[in-house]
Amino acid sequence: MLTYEEIMLLITALASVFSVIAVYYAIIEKNLVRAVVFSAIQSTIYAFIYYMFMAPDIVLVYIPVAVGLYPAVILILISKTEKVEKQ
Amino acid sequence: MDFSIVQTFIIYILPVYVVAFVLYVIRALKGPTISDQVLAIDAMSYDLAAFLVILSIFFREPILIGTAIVLALWIYALDIYIAKYLEKKEVGE
Amino acid sequence: MIEDLLVIIGMIMLGIGAVADLIAAIGLNRFKNFYLRLHAATIGTIWGAFVPLIGASLIAAGSPCLGVYRWFVAGGGLAIAFLVLILAPAGSHALARATHRSGLVRVEPCVVDHLNEDMCVKEG
């Protein structure tokens with residue numbers, strides 16, 4: 001029988017696997033708006049991982065920067081330039 | 001009532017929440033359009049805020065609850081940015 | 001006595017939230033269209049986030065072993081529940097409106113669409 005620390009560490013490991021998949025899709029995606037959305041998925045999962053490692057002060061700073069401000073700045077930049085990445 | 005009953009109950013309902021989060025992330029990763037992905041992230045984040053409050057009761061550390069308010073508020077901001085971009089093809093101005 | 005009642009009601013609400021969350025996640029994967037998936041997302045935000053937040057507040061209010069700071073958890077849970085109740089339908093509505101106006105997704109099982117006739121895909 002697993003203790004509850006091991007259960008929490010297994011949940012954290014599952015979350016980190018999905019964050020790696022999200023980063024991979026964000027790198028190979030050609031449509032830049034979809035890449036921003038994949039980056040937002042990765043940021044949300046990272047906030048959960050920081051929470052599970054008992055760092056609520058880092059979560060309080062990480063969420064406004066990585067979920068709020070960073071997609072806004074990147075979307076303003078995309079709307080000034082092109083939408084699709086070229087070779 | 002003994003608090004260990006609540007902790008045992010939370011341990012038993014934990015896998016249901018985890019399976020639901022895995023299904024939400026699968027839809028957010030493969031959604032055919034941008035709207036599907038943002039909708040899946042939206043629903044997942046509100047449920048994640050509820051899950052964080054439940055975990056703060058389970059860990060018996062009440063100071064962890066401030067993160068859930070921040071998560072619920074800033075995901076709404078992401079939603080509005082993407083909707084504004086899809087409608088007008090620009091943000092800001 | 002009243003504290004035991006609060007804890008039992010809170011645990012029932014947590015169970016309802018877990019089941020509704022699973023149903024919403026399955027529905028989000030099984031529906032065919034963006035406008036149909038809005039149904040499942042609504043179940044996931046109201047029954048899957050609002051109800052367990054209220055239940056967590058009740059559990060925190062009824063457990064004296066958490067110390068004085070249990071009122072912090074109870075009040076914070078009520079505040080987050082109110083925010084989710086206000087913000088989640090507003091966000092979903094903004095997203096659906098933007099999707100329909102920009103013409104990203106066509107309305108698939110459609111009878112009539114007065115906003116834009118070209119988006120309507122009739123059956124048969």
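Table: residues versus (1) free of Cβ contacts under 8 Å to residues at least 12 places away in the same chain; (2) in contact with a Phe, Trp or Tyr (Cβ under 8 Å, 6 or more places away or on another chain); (3) of a type in the set (Gly, Ala, Ser); (4) closer than 24 Å to C:MET13 by Cβ.
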position: B:ILE10; (1), (2), (3), (4): no, yes, no, yes
position: B:TYR24; (1), (2), (3), (4): no, no, no, yes
position: B:LEU29; (1), (2), (3), (4): yes, yes, no, no
position: B:LEU39; (1), (2), (3), (4): yes, yes, no, no
position: B:ALA49; (1), (2), (3), (4): no, no, yes, yes
position: B:PHE59; (1), (2), (3), (4): yes, no, no, yes
Check: Limited to the stretch B:7-65, what total is found for residues that are assigned to a helix (DSSP H, G or I) and either more than 15 Å from C:ALA56 (Cα to Cα) or in contact with a Lys or Arg (Cβ under 8 Å, 6 or more places away or on another chain) (or both)?
Finding: 29
Next item on the list: Just give me the residues in the stretch A:53-87 being open to solvent by 20 Å² or more (accessible area, probe 1.4 Å), in a helix (DSSP H, G or I) and within 21 Å of B:LEU48 (Cα to Cα), in sequence order.
Entry: A:PRO56, A:ASP57, A:ILE58, A:LEU60, A:VAL61, A:TYR62, A:PRO64, A:VAL65, A:LEU69, A:TYR70
Notebook entry, point to check: Could we say that A:PHE53 is under 24 Å from B:GLU61 (Cα atoms), at pLDDT 90 or above and more than 9 Å from every other protein chain (Cβ to nearest Cβ) here?
Noted result: yes
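Quickly run through the stretch B:53-67 and pick out the residues that are within 7 Å of another protein chain (Cβ to nearest Cβ) and open to solvent by 10 Å² or more (accessible area, probe 1.4 Å). If you could, list the steps in order and put the result at the bottom.
If we filter the stretch B:53-67 for residues that are within 7 Å of another protein chain (Cβ to nearest Cβ), which is where we start, we get B:53-54, B:56-57, B:60, B:62-67.
Residues satisfying the conditions are B:ARG60, B:PRO62, B:ILE63, B:GLY66.
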Check: List the pairs whose first member sits in the stretch C:35-63 and is under 20 Å from B:ARG60 (Cα atoms), whose second member is open to solvent by 10 Å² or more (accessible area, probe 1.4 Å) and β-branched (Val, Ile, Thr), and whose Cβ atoms are under 8 Å apart, counting only residues at least 6 apart or on separate chains?
Finding: C:PRO52/C:ILE16; C:GLY55/C:ILE9; C:GLY55/C:ILE12; C:GLY55/C:ILE16; C:LEU58/C:ILE9; C:GLY62/C:ILE2
Check: Given the structure, is B:ILE26 farther than 24 Å from C:VAL19 by Cβ and either surrounded by fewer than 22 Cβ atoms within 10 Å (Cβ to Cβ) or more than 7 Å from every other protein chain (Cβ to nearest Cβ) (or both)?
Finding: no
Next item on the list: Give the stretch A:1-25 a look and list any residue that's open to solvent by 30 Å² or more (accessible area, probe 1.4 Å) and within 12 Å of B:ALA28 (Cβ to Cβ), or say none.
Entry: A:PHE18, A:ILE21, A:TYR25
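Kindly indicate the residue of the stretch C:110-124 that is open to solvent by less than 80 Å² (accessible area, probe 1.4 Å) and part of a loop (DSSP other than H, G, I, E, B) and also nearest to the other protein chains (Cβ to nearest Cβ) among those meeting that condition. It would help to see each step written out before you state the result.
Of the stretch C:110-124, the ones open to solvent by less than 80 Å² (accessible area, probe 1.4 Å) are C:110, C:113, C:116, C:119-121.
Right, trim to part of a loop (DSSP other than H, G, I, E, B) and you get C:110, C:113, C:116, C:121.
Details: C:CYS110: 17, C:ASP113: 17, C:ASN116: 14, C:VAL121: 15 Å.
Among those that are open to solvent by less than 80 Å² (accessible area, probe 1.4 Å) and part of a loop (DSSP other than H, G, I, E, B), it is C:ASN116.
Can you tell which of B:LEU52, B:LEU14, B:LEU48, B:LEU39 is modelled with pLDDT of 90 or more, more than 25 Å from B:LEU64 (Cβ to Cβ) and not small (Gly, Ala, Ser)? So that I can check it myself, show each step before the final result.
Values: B:LEU52 fails: more than 25 Å from B:LEU64 (Cβ to Cβ); B:LEU14 fails: more than 25 Å from B:LEU64 (Cβ to Cβ); B:LEU48 fails: more than 25 Å from B:LEU64 (Cβ to Cβ).
On inspection, the qualifying residue turns out to be B:LEU39.
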Margin query: As an exercise: evaluate B:VAL70 against (1) within 19 Å of A:ALA66 (Cα to Cα); (2) within 7 Å of chain C (Cβ to nearest Cβ); (3) surrounded by 20 or more Cβ atoms within 10 Å (Cβ to Cβ) and give the number of the one condition it does not meet.
Written below: (2)
Check: Does the stretch C:72-109 hold any residues that are at the interface with chain B (Cβ under 7 Å from one of its Cβ atoms) and more than 23 Å from B:TYR81 (Cα to Cα), and which are they?
Finding: C:PHE72, C:VAL73, C:GLY76, C:GLY77, C:ALA79
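So which of C:ILE46, C:ILE12, C:ILE59 ends up being assigned to a helix (DSSP H, G or I) and at the interface with another protein chain (Cβ under 7 Å from one of its Cβ atoms)?
Details: C:ILE46 fails: at the interface with another protein chain (Cβ under 7 Å from one of its Cβ atoms); C:ILE12 fails: at the interface with another protein chain (Cβ under 7 Å from one of its Cβ atoms).
None of the other options fit; the residue is C:ILE59.
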Margin query: For the stretch C:21-35, check the following and say yes or no: at least one residue is farther than 17 Å from B:PHE21 by Cα, in a helix (DSSP H, G or I) and either out of contact with any Ser or Thr (no Cβ under 9 Å at 6 or more places or on another chain) or facing another protein chain (nearest Cβ under 7 Å) (or both).
Written below: yes
Checklist line | Residue in the stretch B:82-93 that is of a type in the set (Lys, Arg) and more than 24 Å from A:ILE78 (Cβ to Cβ) present | finding: no
Notebook entry, point to check: Where residues in the stretch C:69-95 are buried (at least 19 other Cβ atoms within 10 Å of the Cβ) and over 18 Å from B:LEU73 (Cα atoms), which of them is modelled with the lowest pLDDT?
Noted result: C:ARG70
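The values are calculated or read from the model by the stated rules, or taken from the named source; none is laboratory data. Remember, predicted model here, so these are calculated numbers, not experimental data. Positions of Cβ are generated from backbone atoms using ideal geometry, with glycine treated the same way; all protein chains shown enter the neighbour counts. For the accessible areas, the whole protein counts, side chains as well, though only heavy atoms, and no ligand, DNA or RNA atoms are used. Shrake-Rupley method; radii C 1.70, N 1.55, O 1.52, S 1.80 Å.
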